[in-house]
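The values are calculated or read from the model by the stated rules, or taken from the named source; none is laboratory data. For clarity, every value in this text was computed on a predicted model and none was experimentally measured. Neighbour counts run over all protein chains shown; Cβ positions are idealised from the backbone, glycine included.
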Amino acid sequence: MRLFDETAIWARSRGEEDFPKLHNSRPLRLRIAKRTMDIAGSLLALTVVAPLALGLGLILWLVYRQPPLYRQLRTGLNGAPFRIVKFRTMWVADADGAVTPAAPDDERVTPLGRLLRRYSLDELPQLWNVLKGEMSLVGPRPYAVSMSDRLPLTAREAALRLSVPPGMTGAAQIAGLRGPIDDPAHMRARLRVDLDYVQQASPWLDLKILRQTLPAIWRGENAC
């Protein structure tokens, strides 16, 4: 089964603007199945985690006296920017135009923020992004808009990676490829897994990744 249009990808890599959206070239049944899964899954998850999310937000506000939610511009489907929502985990967060990825033992990360990052609890508010259609439950993680041009990808690979909605979790995360991106080998491995996912994307693969996400988070591999 062809999940994307090679002609459209090649046109995008040459910088042409009049090409069909890669996402729309995917079979309609797959797009409907994925969006249905996202809506049902995010509504169920929001219902289940609402007490935890409200409690975490209250604790963050009481301890640090800052707004508990943080929004940052990220690159989404077909390169469209959107504002991702996260729990605040740093003393001072970067502005949209000057993003410095967190590293192990990063002094900007608060003690509570380190715990939230360890178990990906800071990402719970992204269920709202999923419900709005800006993200999916499963897909390549979205990078800050200011970092998009620094990824070690060809234009063709970058277009392919952006042809599916960004996800809260993904194949790279369950493979233990979370964490800092300043190691070129680690970053290339992560992006390669993302591209493999895009070319094999299906509802069944998404369900498999979702089943493996909680054990991967509990192991906390490369979290920072």
Next item on the list: State whether the residues of the range 98-106 include one that is under 29 Å from Pro184 (Cβ atoms), exposed (fewer than 12 other Cβ atoms within 10 Å of the Cβ), modelled with pLDDT under 90 and aliphatic (A, V, I, L, M).
Entry: yes
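Out of curiosity, is Glu134 surrounded by fewer than 24 Cβ atoms within 10 Å (Cβ to Cβ) and either at pLDDT 90 or above or under 13 Å from the mean Cα position of the chain (by Cα) (or both)? Outline the logic, then answer.
Values: surrounded by fewer than 24 Cβ atoms within 10 Å (Cβ to Cβ): yes; either at pLDDT 90 or above or under 13 Å from the mean Cα position of the chain (by Cα) (or both): yes.
It is true that Glu134 is surrounded by fewer than 24 Cβ atoms within 10 Å (Cβ to Cβ) and either at pLDDT 90 or above or under 13 Å from the mean Cα position of the chain (by Cα) (or both).
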Note to self: So in the range 30-72, with the set limited to residues that are assigned to a helix (DSSP H, G or I) and of a type in the set (Phe, Trp, Tyr), which one is surrounded by the most Cβ atoms within 10 Å (Cβ to Cβ)?
What the structure shows: Tyr64
Next item on the list: Being of a type outside the set (Asp, Glu) and either modelled with pLDDT under 85 or touching a Lys or Arg at 6+ places or on another chain (Cβ under 6 Å) (or both) is the filter here, so list the residues in the range 171-188 that pass it.
Entry: Ala172, Gly176, Leu177, Arg178, Gly179, Pro180, Ile181, Pro184, Ala185, His186
Next item on the list: Please work out if Pro165 is out of contact with any Asp or Glu (no Cβ under 9 Å at 6 or more places or on another chain) and not in a helix (DSSP H, G or I).
Entry: no
Check: What is the one condition in (1) under 18 Å from Ala80 (Cβ atoms); (2) at pLDDT 90 or above that Val145 does not satisfy?
Finding: (2)
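Does the range 145-161 hold any residues that are surrounded by fewer than 16 Cβ atoms within 10 Å (Cβ to Cβ), out of contact with any helix residue (DSSP H, G or I) (no Cβ under 8 Å at 6 or more places or on another chain) and in contact (Cβ under 8 Å) with a residue 12 or more places away in the chain, and which are they? Lay out the reasoning, then the answer.
Quick first cut of the range 145-161, residues surrounded by fewer than 16 Cβ atoms within 10 Å (Cβ to Cβ) only: 147, 149-150, 152, 154-156.
Keeping just the survivors that are out of contact with any helix residue (DSSP H, G or I) (no Cβ under 8 Å at 6 or more places or on another chain) gives 147, 149-150.
Within the range 145-161, Met147 is the sole residue that qualifies.
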